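What follows is a set of notes on a single structure, which appears directly below.
The values are calculated or read from the model by the stated rules, or taken from the named source; none is laboratory data. The structure presented is a predicted model; accordingly, all values stated were derived computationally and were not measured. Using ideal geometry, Cβ is built from the backbone for each residue, glycine included, and neighbour counts are taken over all protein chains shown.
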Amino acid sequence: VADPIETLTALFDQEGRQAYFGERVSVSVHMLQAAALAEAAGAPDHLVAAALLHDVGHLRVVASMQTDVGDDHHEDVAATWLAAWFGPEVTQPIRLHVAAKRYLCSTESDYFSRLSAASVESLRRQGGAMSPAEVEKFRGQPYAVDAVAVRRWDDAAKDPTRATPEFAYFRLVLDRLQLPSRRA
Ligand SMILES: [Fe+2]
């Protein structure tokens, strides 16, 4: 099993340095800011990790040379890939973070107006705002509340002027989560 910290560090340093479609920060900076916001909010380690890793699916899709012009389902790519190292308390909020956007569009009146232009554009491909039936189903899922929390840090993590910690800063958080290949 590859060492998760080494693998993730390389992903943040390489593929992650590229622009994040239509946003003013790179994918790496975006995820690092999301994690910093989670930490500042006093979130538990598993949610700091979920915020830190929520968009690695974008990088995995790029790394595997997929050029899907439609919805890339990056949330599923990330959650499935990360399941080798992390439990559902990390991977499920990641898997649901796109659904959480669609949920908030339906349940919070001013949420849509605060989305970035790129996020509005991807919303259309992701299915738009949820129907009342979809809202009920979403609420019934485990980790739905955590996914909404990750989504809010996600949305706030696109500021090119904000100081951003390095990936190494969050190694301690990941170490505390007892990743399989790092257990003694
Ligand atoms: Fe994101």
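Of note:
- Answer residue from segment 148-162, given it is of a type in the set (Gly, Ala, Ser) and more than 21 Å from LEU8 (Cα to Cα) and is farthest from the ligand (Cβ to nearest atom) among those: ALA149
- Lone qualifier among SER119, SER109 - being within 21 Å of ARG24 (Cβ to Cβ), among the hydroxyl-bearing types (Ser, Thr, Tyr) and at pLDDT below 95: SER119
- Residue that is surrounded by the fewest Cβ atoms within 10 Å (Cβ to Cβ), among those in segment 137-184 that are assigned to a helix (DSSP H, G or I) and acidic (Asp, Glu): ASP175
- All of SER119, SER113, SER181 fail the test of being away from the ligand (no atom under 16 Å from the Cβ), of a type in the set (S, T, N, Q) and within 20 Å of LEU52 (Cα to Cα), apart from SER181.
- Being within 16 Å of VAL150 (Cα to Cα), in a helix (DSSP H, G or I) and more than 13 Å from the chain's Cα centre (by Cα) is a description that does not apply to LEU37.
- A count restricted to segment 13-64 and to residues that are more than 14 Å from the ligand (Cβ to nearest atom), modelled with pLDDT of 95 or more, within 16 Å of THR164 (Cα to Cα) and in contact with a helix residue (DSSP H, G or I) (Cβ under 7 Å, 6 or more places away or on another chain) stands at 3.
- Residue pairs meeting the criteria (Cβ under 8 Å; at least 6 apart or on separate chains; first more than 16 Å from ALA49 (Cβ to Cβ) and touching a residue at least 12 places away in the same chain (Cβ under 8 Å), in segment 143-168; second within 11 Å of the ligand (Cβ to nearest atom) and basic (Lys, Arg)): ASP155/LYS101
- ARG152 being within 14 Å of the chain's Cα centre (by Cα), of a type in the set (Lys, Arg), within 30 Å of SER181 (Cβ to Cβ) and modelled with pLDDT of 95 or more: no
- The single condition among (1) in contact (Cβ under 8 Å) with a residue 60 or more places away in the chain; (2) under 19 Å from ALA157 (Cβ atoms); (3) crowded, with 18+ Cβ neighbours inside 10 Å that ALA118 does not satisfy is (3).
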